[in-house]
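Visitor: Have a look at the structure that comes next, please.
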Amino acid sequence: MSASVKVARAVAVEFSRRMRDKRRAAGLRQTDLAALALMQPEFISRIERGIANPSLMSMSLIAQALECSLPDLLPR
């Protein structure tokens with residue numbers, strides 16, 4: 001696995017962890033977040049489990065639904 005693929009995977013894992021933590025802190029279920037972000041609950045679940053890689057647009061919609069900025073969900 002190349003270094004760039006490893007970095008991309010690490011970003012995806014961190015995004016999914018932060019998304020899940022913020023969702024739980026807000027008291028939202030995956031279905032709630034999906035409705036707020038105009039997405040399917042299965043997609044939210046797949047992101048949190050690291051199966052799906054959301055697009056930049058999807059990540060932005062998730063951040064808006066969680067009432068945070070996109071950088072808040074990305075690794076530093």
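Visitor: Looking at this structure, is Arg18 modelled with pLDDT of 95 or more and in a helix (DSSP H, G or I)?
Guide: Details: modelled with pLDDT of 95 or more: yes; in a helix (DSSP H, G or I): yes.
Yes.
Visitor: I'm checking my understanding of the structure. Among residues of region 46-66 that are surrounded by fewer than 15 Cβ atoms within 10 Å (Cβ to Cβ) and not aliphatic (A, V, I, L, M), which one is nearest to Arg20 (Cα to Cα)? Before you say what the answer is, go through the steps one by one.
Guide: Filtering region 46-66 for residues surrounded by fewer than 15 Cβ atoms within 10 Å (Cβ to Cβ) gives 49-51, 55-57, 64.
Still in the list and also not aliphatic (A, V, I, L, M): 49-50, 55, 64.
Numbers: Arg49: 10, Gly50: 11, Ser55: 17, Gln64: 14 Å.
My answer is Arg49.
Visitor: Then there is this: Would region 28-44 turn up any residue that is at pLDDT 95 or above, in contact with an Asp or Glu (Cβ under 6 Å, 6 or more places away or on another chain) and not aromatic (Phe, Trp, Tyr)?
Guide: No; the residues of region 28-44 include none that is at pLDDT 95 or above, in contact with an Asp or Glu (Cβ under 6 Å, 6 or more places away or on another chain) and not aromatic (Phe, Trp, Tyr).
Visitor: Check Asp21, Asp72, Asp32 and return the single one that is surrounded by 15 or more Cβ atoms within 10 Å (Cβ to Cβ), without any contact (Cβ under 8 Å) to a residue 60 or more places away in the chain and not hydrophobic (A, V, I, L, M, F, W, C). Quick ask: steps written out before the conclusion?
Guide: Working: Asp21 fails: surrounded by 15 or more Cβ atoms within 10 Å (Cβ to Cβ); Asp72 fails: surrounded by 15 or more Cβ atoms within 10 Å (Cβ to Cβ).
Residue meeting the stated conditions: Asp32.
Okay, residues lined up against (1) of a type in the set (A, V, I, L, M); (2) assigned to a loop (DSSP other than H, G, I, E, B); (3) touching a Leu at 6+ places or on another chain (Cβ under 6 Å):
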residue	(1), (2), (3)
Val5	yes, no, no
Val13	yes, no, no
Lys22	no, no, yes
Asp32	no, no, no
Ile51	yes, yes, no
Pro75	no, yes, no
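Visitor: Determine if region 3-14 includes at least one residue that is in contact (Cβ under 8 Å) with a residue 60 or more places away in the chain and hydrophobic (A, V, I, L, M, F, W, C).
Guide: Just the residues of region 3-14 that are in contact (Cβ under 8 Å) with a residue 60 or more places away in the chain, to begin with: 10-11, 14.
Those left that are additionally hydrophobic (A, V, I, L, M, F, W, C): 10-11.
Taking every residue of region 3-14 in turn, at least one turns out to be in contact (Cβ under 8 Å) with a residue 60 or more places away in the chain and hydrophobic (A, V, I, L, M, F, W, C).
Visitor: Consider Met39 against the criteria (1) touching a residue at least 24 places away in the same chain (Cβ under 8 Å); (2) buried (at least 17 other Cβ atoms within 10 Å of the Cβ): it satisfies all of them except one. Which criterion is unmet?
Guide: Unmet condition: (1).
Visitor: Across region 10-51, what is the total count of residues that are more than 22 Å from Pro75 (Cβ to Cβ) and under 10 Å from the mean Cα position of the chain (by Cα)?
Guide: Number satisfying all stated conditions: 0.
Visitor: For region 34-49, enumerate the residues that are part of a loop (DSSP other than H, G, I, E, B) and of a type in the set (Lys, Arg). Break it down into steps so the answer makes sense when it comes.
Guide: Initially, region 34-49 is screened for residues part of a loop (DSSP other than H, G, I, E, B), giving 38-40, 49.
Correct list: Arg49 only.
The values are calculated or read from the model by the stated rules, or taken from the named source; none is laboratory data. Note that the structure is a prediction, hence the values are computed from the model and not measured. Note that each Cβ is placed from the backbone with ideal geometry, even for glycine, and that neighbours are counted across all protein chains shown.
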